[in-house]
């Protein structure tokens, strides 16, 4: 069993949470704590999953919960580097089509940059469907 490795690093106006090893029920609370710390530091969080060897639905629930909180608060949570072989739960549940996903951290950082003159805190694509008032 691969030991869970977590780190948090500020990059640009974002916080990058890098995850390595196995994300499962055993480590879900620790994973949740790291994402809580990251969201307290920035409204733009990038979750680097490129070194994840396994992810179960418990970890997926943690990701979805934090994604929804970030979006509700006007921020964003972007996934980077998720590899199908090790993060199948994202695709099996259909969340790979809903969560904002990027090939790597650099692409996610570029997507998280606020547009010049924008007053939305950089939240351009939350992954949630747009709604219009009638």
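Odds and ends about this structure:
- Segment 41-76, subset surrounded by fewer than 19 Cβ atoms within 10 Å (Cβ to Cβ) and touching a helix residue (DSSP H, G or I) at 6+ places or on another chain (Cβ under 6 Å), residue nearest to residue 90 (Cα to Cα): 57
- Within the set 6, 35, 60, the sole residue that is over 28 Å from residue 115 (Cα atoms) and modelled with pLDDT of 95 or more turns out to be 6.
- Between 39, 50, the distinction of being outside any helix (DSSP H, G or I) and under 21 Å from residue 107 (Cβ atoms) belongs to 50 only.
- Meets criteria (touching a residue at least 24 places away in the same chain (Cβ under 8 Å) and assigned to a helix (DSSP H, G or I)) for residue 22: no
- Residue list for segment 89-109, filter: out of contact with any strand residue (DSSP E or B) (no Cβ under 8 Å at 6 or more places or on another chain), free of Cβ contacts under 8 Å to residues at least 24 places away in the same chain and surrounded by 15 or more Cβ atoms within 10 Å (Cβ to Cβ): 96
- Enumeration of residues in segment 18-40 that are surrounded by fewer than 16 Cβ atoms within 10 Å (Cβ to Cβ) and more than 18 Å from residue 88 (Cα to Cα): 26, 29, 30, 33, 36, 37, 40
The values are calculated or read from the model by the stated rules, or taken from the named source; none is laboratory data. Quick caveat: nothing in here was measured; it's all calculated off a predicted structure. Here Cβ is always computed from backbone atoms with ideal geometry, including for glycine, and neighbour counts include all displayed protein chains.
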